[in-house]
Amino acid sequence: MGNKTPSSRVMVDILYQIQELCKPVDLNPIFHSNKLVALKKLKIFLNHSTKETLQKCDSNEIIYSSLSLIYYFGMRLKVEKLSGKLWLCFATKQFNTAEEIFHQVMEFLHPEHGELVIKTTIRFFSEVSLWTLENFVAQILELILFYNNGKITLFNVMLTDIHCIVFSDIVSARHRTRVLYELLKSKNWVIDSQHLLPFVTRFLNFFTNNVSHKRPSFQHLKKGFEVCLRRIFERASNKHKLAIVNTILHWFTMVNIDKENVLEVANLIDYAALLYEVGRYRESFQTGFIHHIVKKLIGSTDALYSYCGCRILARFFDRHKNCSYLIVPTIYYEFSQVPLKVGEYDRSDKAFVREHRELFHDYFVKAFETNHFNQANIEALYYVMSCLVLEVPCGLTAAAVTCMVMFVQDFAITTDIPEKCRFWLHAVVLSLLSLICWVHKAPELYRYVNEIVSRRAKDAPQLNPPLLDDYKIDNERANWNKDTLFFEDWELRYGLWKHFRSSQKCLKERNPGEKSTIN
């Protein structure tokens, strides 16, 4: 061809020859000489072409030929390495040439034909049945992602491809999904929220609707999509994580999904919340974010939605990762060596509690009243309220939580509910009040709370933690419904007032002229 760029007709003829030499696309050694000729011809062809001239040709033929060669020589190199043959150096050289050709084709066709390259490559893998070679496929697609400037297009095309074959070839769909979740770890993927959120929504629809079948094979695929979503959370920036969670929350409350999927989607949000780095509450959550969780989930009449809402909100609030110690309500004694971490006082967090105090009060109390029959819900509410007490240690939080639990106690006393549920509510009330005492080291309040604990231990131990599935009450302790076994509102208010007034006085003595930040 000399040094001149070949004419269009000559280019078409050469590409046709190369394509024919690459057939069939398999590893049969009887076609080895043809593959070597094709490798040489395609290398010369590309060296005498330009980006403009190559884009005038049939891109599908060029892509197919380069993929055929890199597949053939790549697999041959792998076989040579395993067998330890003497021809390893030749196989390595041939593969390196095939790899250079593929890189050159990518450079020529991107970015103008980026989507075409992706679709043609995926079709090639399907026609040649290469999806079982997950590592090889992932490496090729990783290169394409790099040349495509990390755009999300590749992932969207792959998701569409999986959607098309999921019901006809579940095994291949699973291979494709595994390739997809490996690619989602790629550092070449450039995440932008404009395309990320619609992509996540596609995943969610797939995750809950398209693979809701009970067949084990579909359940495995569903697990693959869960891994994909988790990979997205891991790769996303902190800002994007919250945007993703917000998208899932809105989708969560709009789409009608069965109970099994509700828990699985809630677990995904829980995982995202675990990865989200929470600073000051006011700065960490978008406007309406907390309202959405509290009103739509915690305040839901559906016990499962309410439970999920509590777990999600607690996960966001739990900055010091106290969750493993807040699984069940317990009594926090004055000298208890509890491995709980208490947050530092912060004006901004206090302002956050003040802003949401009424919201928390209305919906937390409502959730206790609506789901008093469900132990898991009660423990989840205990978890989220404990997080507030621990993370925002100030008089405002202590007073707000005390006010809530007094409403809960009143509901437990005055409402006709199963006896077991009544005991659960009283136990949670005591646990939260003892936690407030423990966090603030409030002696006056402790004195009163310990007094109630002692009375109950003697006359009605079922009113104290732990929460039990079955209560066996002695006949001697049958008359437990006595006023002296419950908390008095005025006693609690006095205890709080006395403690925080004393704290404020001590602070002023240490820092004269400084305004108190305790309550």
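The values are calculated or read from the model by the stated rules, or taken from the named source; none is laboratory data. Here the structure is a predicted model, which means the values were calculated and not measured. We place every Cβ from the backbone using ideal geometry, glycine too, and count neighbours over all the protein chains shown. What goes into the accessible areas is simple: the full protein's heavy atoms, side chains included, and nothing from ligands, DNA or RNA. Shrake-Rupley method; radii C 1.70, N 1.55, O 1.52, S 1.80 Å.
Some observations on this one:
- Cys57, sole failed condition from (1) within 23 Å of Arg123 (Cα to Cα); (2) open to solvent by less than 30 Å² (accessible area, probe 1.4 Å); (3) modelled with pLDDT of 90 or more; (4) not charged (D, E, K, R): (3)
- Any hit, the range 457-474, residues being surrounded by fewer than 18 Cβ atoms within 10 Å (Cβ to Cβ), part of a helix (DSSP H, G or I) and within 41 Å of the chain's Cα centre (by Cα): yes
- Restricting Ile269, Ile312, Ile257 to residues that are in contact (Cβ under 8 Å) with a residue 40 or more places away in the chain, among the hydrophobic types (A, V, I, L, M, F, W, C) and outside any helix (DSSP H, G or I) narrows the list to Ile257.
- Residue, nearest to the chain's Cα centre (by Cα), within the range 107-144, restricted to residues that are closer than 24 Å to Thr53 by Cα and among the aromatic types (Phe, Trp, Tyr): Phe124
- Boolean, Leu275 is among the aliphatic types (A, V, I, L, M), in contact with an Asp or Glu (Cβ under 9 Å, 6 or more places away or on another chain) and crowded, with 17+ Cβ neighbours inside 10 Å: no
- Test result for Tyr64, open to solvent by less than 10 Å² (accessible area, probe 1.4 Å), modelled with pLDDT of 90 or more and under 28 Å from His110 (Cα atoms): no
- Restricting attention to the range 303-337, the residues being of a type outside the set (Lys, Arg) and open to solvent by 60 Å² or more (accessible area, probe 1.4 Å) number 10.
- Just one of the listed residues (Ile18, Ile30) is hydrophobic (A, V, I, L, M, F, W, C), over 22 Å from Leu133 (Cβ atoms) and either open to solvent by 40 Å² or more (accessible area, probe 1.4 Å) or more than 44 Å from the chain's Cα centre (by Cα) (or both), namely Ile18.
- Filter result for Val384 (modelled with pLDDT of 95 or more, more than 25 Å from the chain's Cα centre (by Cα) and open to solvent by less than 30 Å² (accessible area, probe 1.4 Å)): no
- Single unsatisfied condition, Glu344 versus (1) in contact with a helix residue (DSSP H, G or I) (Cβ under 9 Å, 6 or more places away or on another chain); (2) outside any helix (DSSP H, G or I); (3) of a type outside the set (A, V, I, L, M): (1)
- Residues of the range 315-335 classified as free of Cβ contacts under 8 Å to residues at least 40 places away in the same chain, within 16 Å of Cys387 (Cβ to Cβ) and in a loop (DSSP other than H, G, I, E, B), total: 1
- Of all residues making up the range 248-260, the number that are at pLDDT 85 or above and either within 11 Å of the chain's Cα centre (by Cα) or open to solvent by 30 Å² or more (accessible area, probe 1.4 Å) (or both): 2
- Taking each residue of the range 380-396 that is in a helix (DSSP H, G or I) and looking for partners that are surrounded by fewer than 22 Cβ atoms within 10 Å (Cβ to Cβ) and among the small types (Gly, Ala, Ser) with beta-carbon atoms closer than 6 Å, six or more apart or interchain, yields Glu391/Gly343.
- In the set (1) in contact with a helix residue (DSSP H, G or I) (Cβ under 8 Å, 6 or more places away or on another chain); (2) over 24 Å from Gly309 (Cα atoms), the condition left unmet by Cys164 is number (1).
- Within the range 280-299, being at pLDDT 95 or above, open to solvent by 20 Å² or more (accessible area, probe 1.4 Å) and outside any helix (DSSP H, G or I) holds for one residue alone: Arg280.
- Selection status of Leu116, open to solvent by 20 Å² or more (accessible area, probe 1.4 Å), within 19 Å of Tyr71 (Cα to Cα) and either assigned to a helix (DSSP H, G or I) or in contact with a Phe, Trp or Tyr (Cβ under 6 Å, 6 or more places away or on another chain) (or both): no
Conditions tested, residue by residue: (1) in a loop (DSSP other than H, G, I, E, B); (2) modelled with pLDDT of 90 or more; (3) under 16 Å from the mean Cα position of the chain (by Cα); (4) under 30 Å from Thr132 (Cβ atoms).
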position: Trp189; (1), (2), (3), (4): yes, yes, no, yes
position: Arg202; (1), (2), (3), (4): no, no, yes, yes
position: Lys214; (1), (2), (3), (4): yes, no, no, yes
position: Ser217; (1), (2), (3), (4): no, no, no, yes
position: Cys228; (1), (2), (3), (4): no, yes, yes, yes
position: Phe233; (1), (2), (3), (4): no, yes, yes, yes
position: Lys241; (1), (2), (3), (4): no, yes, yes, no
